[in-house]
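None of the figures in this text is laboratory data; all of them are computed from the coordinates on show. Remember, it's a predicted structure, so these values are computed and weren't measured experimentally. No Cβ is skipped: glycine too gets one built from the backbone with ideal geometry, and neighbour counts run over all protein chains shown.
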Amino acid sequence: MNVVVRVSSYAEGLLKRYGPSGMKKRFWDREFASNKWDFIDNTVGDPIYPFLEKYVGDGTILDLGCGPGNTATELSSPYRKYVGVDISEVALEKARKKTEATGRTERNQFVCSDFLSFDPADKFDVILFRESMYHVPIGQITTILDKYAAFLKKDGVFIVRLYLAGPNGEKRIRPKAVMRRIESEFDVMEKAEYEKNELTITVFRPKVGMAKSS
């Protein structure tokens, strides 16, 4: 990766984490309107699904940074309610079309919002960060998780999916820092690691005494 590409990538990362919501929305709308993210339109068979099916059952799920809504249409559990939140209206339009095509409009809802400032109206069995945790500033990881812990049901869990290495095996500092923060400040119930780019799926909840009952 040359210097120009590295600088551009770094600047984009800063915008996605620290930029004002309006600017982030324009950025993500432009990216989803192009073909940049088309490769994620179909993720059937992703290893995240067995974990989601196990913990959500016939309950409810909040998907923060849901993108084009794959989880809402590919999850096979008899979940009762799904709420997907994303800052890109372009991505959510794709999600709504998929939901309609799969006959899940009665179960799936989508909200256009910056999930860093979103306030849910309900409590959930599962709150999912499906790689969206990349866009939370390191200094806000605990703050954001503590905020959303108030919207977990009594036995609810967080599920986070992250790649700890890049596409060519290069080490990534931020995802590893995120994992260290989660493991030190929350109760990890399950953690699965996969060889490809060190994909890690972690299931955790607030420590005993910190969890808030429904």
Step by step: find N for segment 3-205, compute 2.2 N^0.38 Å, then divide the Cα radius of gyration by it. What's the final number? 0.98
Output ordering of 126-134, 105-113 (per-residue mean of other Cβ within 10 Å, highest first) is 126-134, 105-113
Distance from a point 7 Å along Cα→Cβ of D155 to each backbone N in segment 121-136: keep the residues under 19 Å and list them by number. 123-128
Under a point-charge model restricted to the Cβ atoms of Lys and Arg (+1) and Asp and Glu (-1), what is the dipole moment magnitude of the chain relative to its Cα centre, in debye to the nearest 20? 440 debye
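What per residue convex hull volume, in Å³, comes out for segment 105-214 when only alpha-carbon positions are used? Show your work: numbers first, answer last.
Details: hull volume 13.6 nm³, N = 110.
Residue-normalised Cα hull volume stands at 124 Å³.
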Give the relative contact order (percent, whole number) for segment 31-128; include only Cα pairs under 8 Å separated by 6+ residues. 31 percent
Relative contact order for the chain: what percent, with Cα pairs under 8 Å and sequence separation of 6 or more? 17 percent
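What Kirkwood Rh does segment 57-137 have if only Cα atoms enter the pairwise 1/r average? Answer in Å. Don't jump to the answer; show the numbers that get you there.
Working: mean 1/r = 0.0798 Å⁻¹.
Roughly 12.5 Å, rounded to one decimal.
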In whole percents, the bins of 10 Å from zero upward hold the Cα-Cα pairs of segment 95-153 as 19, 45, 29, 7, 0
Sites K196 and S117 - FRET efficiency at Förster radius 35 Å, r taken between beta-carbons, to 0.05: 0.60
How far apart, in nm, are two points set 7 Å out from the Cα along the Cα-to-Cβ line at M23 and at S184? 3.0 nm
Multiplying the sequence separation of Y163 and K54 by 0.36 nm and subtracting their Cα-Cα distance, what value in nm do you get? 37.1 nm
